[in-house]
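J.: Input: one structure, supplied below.
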Amino acid sequence: MQIQETISNPMLRVPLGIACALACACSSPSTPNSAHNTDHSVHKPGSMSHQAPTETASEDTSLYLIDMLQLKPGVPPSQADEYFSRITPVIAKHGLQNVYHFAVNSKLAGTAQPQLINVWSMSGPETMSGIQSDPDYQANVAFRNATFDMAKAEMFIAEATIEPSLSSAPLLFVDFLNLNPGVDASQAVDYFSTIIPVVKSHGLVPIARFKVRKKLSGSISPELINIWTMADARTMPNIQSDERYKANIPLRNATFKMASASMYTLRPATSKRATQ
């Protein structure tokens, strides 16, 4: 698969996810209509097990906001930095906390072309409505709209089936997947259980998995979002040439609607995170 470079700016320093996160007022999450070079950290670190991560029960999961963003043409990173410095105290008091902040290295598949992909933990379903109704947030909407291309923002509320884990990997991979019609989610779990030992042998390690509960904005409608660390640039070619991986391609294609998949390689972006 040929890698297409995105329009991402490697100098972006600010977690722009807050711009998209605050773009839409939202109700309590519901099931969607349709269903894969610097340090970074997480606020809710977990252990990196040598076994395949265990899926958690729905009632035990936390809520997360996941967004895919672009700056408006000609807007410098410093303007995003300024927006974030203004809005940080507002979102922090409502419980929106940064977990991952990634800059996109390359697009492997999909139509969306984000520069940044962010994951934010939410204190509860009321987080977004509290932010939306805050006068301090409303006072910064015009500046937000001048900074970010909100028409191209992709934003989802999701529950974690594998809670985000701490990682210092300089290279990562994310996929946004849809199940084929009629396929049960348990089939996806079976596929991952089969394929994870194979891909881990080449340095592709899962650190988070999310089930999308509500689409808030954007042109894509994923059901599952996976985040993986990569050993190096040879990881993906090595996986694709592995006979064990090839043997599971029919199961993969029977499980996921690959034509609608969005996939990106990532690097951790230096970020200023909302304080606890």
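FYI, it's all coordinate maths here, none of it is from the lab. Since the model is a prediction, treat every value here as computed from it, not as a measurement. Virtual Cβ from ideal backbone geometry, glycine too; neighbours counted across all protein chains shown.
J.: Gain in length, ASP136 to ASP242, computed as 0.36 nm per residue apart minus the alpha-carbon separation, to one decimal in nm?
T.: 32.8 nm
J.: With label points built 7 Å along Cα→Cβ from the Cα atoms of SER106 and ALA259, find their separation and express it in nm.
T.: Between SER106 and ALA259, the label points sit 2.6 nm apart.
J.: Give the distance, in whole Å, between the Cα centre of segment 91-127 and the Cα centre of segment 182-224.
T.: The two parts, judged by their Cα centres, are 17 Å apart.
J.: Can I ask one more? Which order do the peptides 170-176, 129-135 take when ranked by the mean count of other beta-carbon atoms within 10 Å per residue, highest first?
T.: 170-176, 129-135
J.: Relative to the present Cα-Cα distance, how much length would full extension add between LEU251 and SER85 at 0.36 nm per residue of separation?
T.: Between LEU251 and SER85, full extension yields an extra 55.1 nm.
J.: Once both labels are modelled 7 Å past Cα along the beta-carbon direction, what's the SER168-ASP190 spacing in nm?
T.: Each label point lies 7 Å from its Cα, and together they span 4.1 nm.
J.: Does segment 178-276 come out rounded, prolate or oblate, given a ≥ b ≥ c as the square roots of the eigenvalues of its C-alpha gyration tensor, rounded meaning a/c under 1.5 and, failing that, prolate meaning a/b above b/c? Kindly include the intermediate steps, with their values, before the conclusion.
T.: Working: a/c = 1.98, a/b = 1.13, b/c = 1.74.
In terms of gyration-tensor shape, oblate.
J.: Sticking with this one: For segment 111-193, what does the alpha-carbon gyration tensor say about shape, rounded, prolate or oblate, given a ≥ b ≥ c as the root eigenvalues, a/c under 1.5 as rounded, and a/b over b/c as prolate?
T.: prolate
J.: Counting only other residues whose beta carbon sits under 15 Å from that of ARG244, what net charge do I get with K and R as +1, D and E as -1?
T.: Computed value for this residue: +1.
J.: Right, another one. So if I restrict to the alpha-carbon atoms in segment 104-149, what is the Rg, and what is Dmax, the biggest pairwise distance, in Å?
T.: Using the Cα atoms of segment 104-149, the pair Rg, Dmax is 14.7, 40 Å.
J.: Oh, and also: Given a Förster radius of 30 Å and the C-beta distance between ARG234 and ASP149 as r, what FRET efficiency does 1/(1 + (r/R0)^6) yield to the nearest 0.05? Numbers along the way, then the final one.
T.: On the way: r = 34 Å, r/R0 = 1.13.
Here the calculated transfer efficiency is 0.35.
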